[in-house]
1. Between region 1-59 and region 124-172, what's the alpha-carbon centroid distance in Å?
2. Would you mind checking Lys15/Lys147; Lys44/Lys147; Lys92/Lys163; Lys56/Lys141 for any pair whose Cα atoms are more than 31 angstrom apart?
3. For region 111-164, give the percent of accessible area contributed by carbon and sulfur heavy atoms, probe 1.4 Å, rounded to a whole number.
4. Rounded to the nearest 500 deg cm²/dmol, what is the calculated helix-only ellipticity per residue at 222 nm for the chain, with -39500 (n - 2.57) per DSSP H run of length n ≥ 4?
5. GNM, the chain, Cα, under 10 Å: largest mean-square fluctuation among Ile21, Ile140, Ile156?
6. Return one whole number: the accessible area per residue of the chain in Å², for a 1.4 Å probe.
7. Once you wrap a convex hull around the alpha carbon atoms of the chain, what is its projected area averaged over all directions, in nm²?
Amino acid sequence: MKRYVPAIVYGPKTKPLSISISEIDATRYARTSFENSIFTFDSKDSSLNGLKVLRKSMDIHPVSRRPVHIDFFAPDMTQKVRVNVEVRLTGKARGIGEGGLVSMIRRDVEIECLPLEIPSHFDLDVTELDINTSMHVSDIKFPDNLKVITSTDETIVSCAEVKEEVIAAPVV
């Protein structure tokens, strides 16, 4: 028996429309790698067929981990949209060799660009990250075709010294 997940499609040029998609497709595209992907609907309904959408949100059942509802946003392809894009760390921080621990503080940045120009992720090379230092949004190399909304001063990753805490023995 094929199961379906309820969904809604909305956008500036699209009236809100309730639809359902197969649970298999909903589960397949639930991964974060498809978070900022443009999907093109293939439907017998002429108002949906060929419509380009972004997955805006997905509700997941807390126990079964199955999708229970999806929101699709049909953007105007000529207008800029705001999305959060994942930041991926590359390289090995120099501070690790000095006994440091790398901590990712922020995992994504908000940008504004045309829907078809949304990148899948941004890479941040942490090779030069020393102990007790941090890297910020300003350290990411962004393409010229997008606008960064997140403050450039926000910390993405830090490398801190790990110290063992010494607990004094209780006095009897």
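The values are calculated or read from the model by the stated rules, or taken from the named source; none is laboratory data. All figures in this text were calculated on a predicted structure; none of them were measured in a lab. For accessibility, only protein heavy atoms count, side chains too; no ligands or nucleic acids. Shrake-Rupley method; radii C 1.70, N 1.55, O 1.52, S 1.80 Å.
1. Comparing the Cα centres of region 1-59 and region 124-172, I get a distance of 37 Å.
2. Among Lys15/Lys147; Lys44/Lys147; Lys92/Lys163; Lys56/Lys141, the Cα-Cα distance tops 31 Å for Lys44/Lys147.
3. Of all accessible area on region 111-164, carbon and sulfur atoms account for 45 percent.
4. Helix-only estimate at 222 nm: -1000 deg cm²/dmol.
5. The residue with the greatest mean-square fluctuation here is Ile21.
6. 66
7. 16.3
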